[in-house]
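Below: the structure, in C-alpha cells.
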Amino acid sequence: MNNCLKILLFFFFLNILIKTYKNYKRKVKIPMRIFGKKRIIRDVLFINGCKNKKVPHPYRYRVLHQMEQLNAGNLDCYELYYLNLNPFIVLDFHFIIIFRCPWTQTLDKTIKLAKSLNKIVLFDIDDLVIDTKYTNSIPYIKTLSFYEKSLYDDNVIRMGKTLKLCEGVITTTKILAQELKNYVQKVFINHNVASEEMFILSQNALKIIKSIYIILIFTINLQIKLKIN
C-alpha cells in the first residue's frame, strides 16, 4: 500500500471519527441521578407558550379544554409554561403537546430528548403565526416600529422553527390544516369547544331565560284578563 493511499485512508477514518464525536455532542445526555429517582409516569405533557393572564383565551381553549377532553378519556395530563421547562420532564410522559412556543435552546433539547426516547411530540397552533409571509399581511403589524416588528418577526420565526421540529401539528380548522401541511406532513384537527363548566353555565342561563319568559307570559296574560274584566 503506497503512502498516498495510507494518507487518504487516514483522513477518511479521521473524518468519520470527527462526525461521530459531533453527533455525540449534539445528543442530550441524561444525568445518572435522574434514573435514581422514583418516577410517576403520566400520559400527556402540555408545554404552554402563552402568558395566561395577558392572553387568557388561547390557553383556555387549546390547553385547559384539551386537557379536559383527555381527562374524560382517562388520560392523565399536566401543563407547564415553556420558560419554566426542564428537558428531563419528558421522561415522565408518553406524549408531549407544545402550544404556541417559540424556539429556545431548552425547548430544542426537550424535543430532541423526547424523540430519542420515542415519545410523540406534537405542536398545537390556532393561527398562522409560524411564518412572516402570513403575519406581514396583518394591518396591525404594519403600524409597529422597526424595533417592535423585529421582535415580533423573531418570535414568529422561532415559532415556525419549533413547529418544524415536531412530528405533527394539531390545529382548529380545515383552512389552517391545509396551510400547515406545507410545513409538516401530519396535521390533526381538534376544534375549539366549550368546557364542561361553560356547558353547565349555558344550561343554567337557558333555564333562567325560560323562567323569565314564563313569568313574562303569565304577567301579560294576567294584565289582559284584568283589562277584560
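Annotations
- For the residue pairs 133/186; 51/161; 142/181; 51/174, the alpha carbons lie more than 23 Å apart in 142/181; 51/174.
- Computed E for residue 80/residue 195 - FRET, C-beta separation, R0 25 angstrom, nearest 0.05: 0.80
- Full extension of the segment from residue 118 to residue 60, taken as 0.36 nm per residue of separation minus the current Cα-Cα distance, would add 18.0 nm.
- Prolate/oblate/rounded label for segment 40-193 (Cα gyration tensor, a/c 1.5): prolate
- What the Cβ-Cβ distance of residue 213 and residue 68 gives, at R0 = 25 Å and to the nearest 0.05, is a FRET efficiency of 0.20.
Taken together, the values in this text are just the output of simple stated rules run on the coordinates, not laboratory data. All of these numbers come straight from a predicted model, not from anything done at the bench. Cβ sites come from the backbone with ideal geometry, for glycine too, and all protein chains shown count toward neighbours.
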